[in-house]
Amino acid sequence: MGNNTPHKRRLASNFSTDQESPGLGLWRLSNTWQAHQRRALVPFGLTHVQFVLLASLVWLEGDTPITQNQLAHFAHVDPMMTSQVLRALEKKGLLRRERHPGDARARALIATPEGVAVANRANSAVEEADATFFAALTVDERVFFTQILARLNEEAPRSAPEPGTQRH
């Protein structure tokens, strides 16, 4: 039996082909990109979410203490997952959690000197992996793609709609 006969789909879809679905395309691209990131992070003993949170902390650190909630919000990571990942990073000696000077209920996050060094070395590897991954795009296309991602991140709802409801 050859593949020349049309395939009768049983899935109801608004799309004629899989290539038309932006969500499926994003899913596929994201999975491929994440695999590249995981490979780049192996030498540093970091998962991708550990890297994102550590690098975000180092990026944000300044004169005011950073809280777990601020870090989770900045990185767009679930606060509960953030807590678990921060514990793992703390066990690795890459950050400390100390009493927050302005909020007795919060903890201030501080990257250790080793954490800063690891974040910077890992960031170089991640940026190199990104340059390789996105090399198929021209400079203008990369700029446009990045602008689209930023717009979607700004405008996308932060939580999924309840089952049976639609957002308009």
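The values are calculated or read from the model by the stated rules, or taken from the named source; none is laboratory data. Keep in mind that this is a model prediction, so the values were computed, not measured. Glycine also receives a Cβ, built like all others from the backbone with ideal geometry; neighbour counts cover every protein chain displayed. The protein model used for the area step is the full one, side chains on, heavy atoms only, and it has no ligands, DNA or RNA in it. Shrake-Rupley method; radii C 1.70, N 1.55, O 1.52, S 1.80 Å.
Has region 8-30 got any residue that is assigned to a loop (DSSP other than H, G, I, E, B) and under 13 Å from the mean Cα position of the chain (by Cα)?
no
Return the total of residues in region 71-97 being open to solvent by 80 Å² or more (accessible area, probe 1.4 Å), of a type outside the set (D, E) and either assigned to a loop (DSSP other than H, G, I, E, B) or over 14 Å from L53 (Cα atoms) (or both).
Here the count works out to 3.
Output the residues belonging to region 131-147 that are open to solvent by 70 Å² or more (accessible area, probe 1.4 Å), out of contact with any helix residue (DSSP H, G or I) (no Cβ under 8 Å at 6 or more places or on another chain) and in a helix (DSSP H, G or I).
The answer is V139, D140, E141, R142, V143, F144, T146, Q147.
Restricted to region 98-112, and to residues that are open to solvent by 40 Å² or more (accessible area, probe 1.4 Å) and either touching a residue at least 40 places away in the same chain (Cβ under 8 Å) or under 20 Å from V49 (Cα atoms) (or both), which residue is nearest to the chain's Cα centre (by Cα)?
I110
Kindly indicate whether N123 is surrounded by fewer than 18 Cβ atoms within 10 Å (Cβ to Cβ), modelled with pLDDT of 95 or more and on the phi < 0 side of the Ramachandran plot.
yes
What residue, of A55, A12, is out of contact with any Gly (no Cβ under 6 Å at 6 or more places or on another chain) and open to solvent by less than 70 Å² (accessible area, probe 1.4 Å)?
Answer to the check: A55.
Is it the case that E128 is touching a residue at least 60 places away in the same chain (Cβ under 8 Å), among the acidic types (D, E) and either open to solvent by less than 100 Å² (accessible area, probe 1.4 Å) or out of contact with any Leu (no Cβ under 7 Å at 6 or more places or on another chain) (or both)?
yes
Out of all the residues in region 116-161, which are closer than 24 Å to A40 by Cα and either β-branched (V, I, T) or in contact with a His (Cβ under 6 Å, 6 or more places away or on another chain) (or both)?
V116, V118, V126, A129, T132, F133, T138, V139, V143, T146
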